[in-house]
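Take a look at the structure set out below.
The values are calculated or read from the model by the stated rules, or taken from the named source; none is laboratory data. Not measured: the values here are computed from a predicted model. Quick reminder, even Gly has a Cβ in these numbers, built from the backbone with ideal geometry, and neighbours come from all protein chains shown.
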Amino acid sequence: MKTQRAIVKEKPGAGVTLKEVPIPEKLGSKEILVKVKAASICGTDIHIYDWNDWAVKNIKPPRVIGHEFAAEVVEVGKEVTSIKVGDYVSAETHIACGTCYMCKTGNKHICQNMKIIGVQTDGAFTNYLVIPEENAWLNPPDLPIEIAAIQEPLGNAVYTVLSGDVAAKDMLITGAGPIGLMAIAVAKACGAGKIIVTEVAEKRKKLAKEMGADFVIDPTKENVLSMINDLTHGLGVDVGLEMSGKESALETLLKSMKKRGRVSLLGIFDSNPNVNLNDDIIFKGLDIHGITGRLMFQTWYQIKSLLENKRIDLTKIVTHKMPLEKFEDGIALLKKGEAVKVVLYPDQKI
Ligand SMILES: [Zn+2]
Ligand SMILES: [Zn+2]
């Protein structure tokens, strides 16, 4: 049996193990085997590393983790028709059943039997993994591998920003983590009005400006509400994108909204936020909706268009590149807020 090095969640509890695991040998008729060129660390991987409540509920060790990647197709199942050996692919990470109510009504991203690559199936922090043909996304040959590897979180940003009108709309984005930063670039590319961002970390505040934010406000040092009031002529913002998962940010965001505004919630909250439903939502007539995953596959075509036409440049978001064995260093840098996206190269020593 041939083996490969992989980052494995071996048992319940904090931490991961770098170890040899078997290279997958059996391919389903509609599956493909891919060789990973680059894989990026996601917030989800940090949750799995830390073994938080979400991880406890969703992961059954042992599991090879990692889900954001760029890869080359090395083998295809008997009935695979849209992908061939040698193709350069990334992947939608939500594996849909195709037969449940949600799948059959155009909502595969919230399939009732959903599995996630690197969570319920073995993932990409290794050399080879198997994915369904349907989940493979064909990349243009000239797309740099580190950018191809971060298209999945880019999809979260694209879906969030474009789930309502953007053009000439004043926006507030709370949180300039990787997805917040990508959302700034997408909003700018799609003709947003003022782009206002709240963030506390110095490095991310600077990057937010570089990605196209017009105003970056530090809620620990400045009065966000009065600044937004001034910037929007007392009306508030048209669009609010919550990307921090922080209760205080959500409160600020709701109070910053213009009446009839659109709120899209992407950040995940550790505890249930206390919200003034009457004053901050109902009497303001806000539209609020939750965002999870990416629309399959409308969001991916939007990603393709934005990248292909060079409407967004994500080069600065990839702050660190390292070999697979440095995974824990990457996690530490992300936790300290020094890194935005850390990309691992299973094949190379860097
Ligand atoms: Zn991810
Ligand atoms: Zn389904």
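Brief remarks on what is shown
- Pair list, Cβ under 6 Å, 6 or more apart: region 296-325 residue within 20 Å of Ile184 (Cβ to Cβ), other residue among the polar types (S, T, N, Q): Ile303/Gln151
- Test: Thr220 is surrounded by fewer than 24 Cβ atoms within 10 Å (Cβ to Cβ) and more than 14 Å from Asp170 (Cβ to Cβ): yes
- Enumerated helices (runs of 4 or more DSSP H) restricted to region 236-350, each holding at least 1 residues that are assigned by TED's automatic domain parsing to the domain that holds Ala176: 247-256
Conditions tested, residue by residue: (1) of a type outside the set (Gly, Ala, Ser); (2) at negative phi.
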position	(1), (2)
Lys19	yes, yes
Ile48	yes, yes
Trp54	yes, yes
Ile59	yes, yes
Gly66	no, no
Gly77	no, yes
Lys84	yes, yes
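- Selection within region 59-90: residues that are β-branched (Val, Ile, Thr) and within 16 Å of ligand 1 (Cβ to nearest atom). The member of this set that is nearest to Glu10 (Cα to Cα) is Val64.
- Screening region 296-305 for residues that are surrounded by fewer than 21 Cβ atoms within 10 Å (Cβ to Cβ) and out of contact with any strand residue (DSSP E or B) (no Cβ under 8 Å at 6 or more places or on another chain) and picking the one that is nearest to Leu143 (Cα to Cα) gives Lys304.
- Output for region 104-132, where each listed residue is touching a Phe, Trp or Tyr at 6+ places or on another chain (Cβ under 9 Å) and within 12 Å of ligand 2 (Cβ to nearest atom): Asn107, Lys108, His109, Gln112
- The residue of region 91-102 that is nearest to ligand 1 (Cβ to nearest atom), among those that are under 21 Å from the mean Cα position of the chain (by Cα) and either exposed (fewer than 15 other Cβ atoms within 10 Å of the Cβ) or under 11 Å from Met296 (Cβ atoms) (or both), is Thr93.
- Which numbered condition Thr121 fails, given (1) buried (at least 20 other Cβ atoms within 10 Å of the Cβ); (2) among the β-branched types (Val, Ile, Thr); (3) over 17 Å from Ala208 (Cα atoms): (1)
- Conditions (1) within 16 Å of ligand 2 (Cβ to nearest atom); (2) over 29 Å from Glu325 (Cβ atoms); number of the one not met by Asn135: (2)
- Flag: Ala124 matches the condition of being closer than 25 Å to Lys11 by Cβ and either touching a helix residue (DSSP H, G or I) at 6+ places or on another chain (Cβ under 8 Å) or touching a residue at least 40 places away in the same chain (Cβ under 8 Å) (or both).
- Of the residues Gly43, Gly15, Gly77, the single one that is at pLDDT 95 or above, of a type in the set (Gly, Ala, Ser) and within 23 Å of Ile268 (Cα to Cα) is Gly15.
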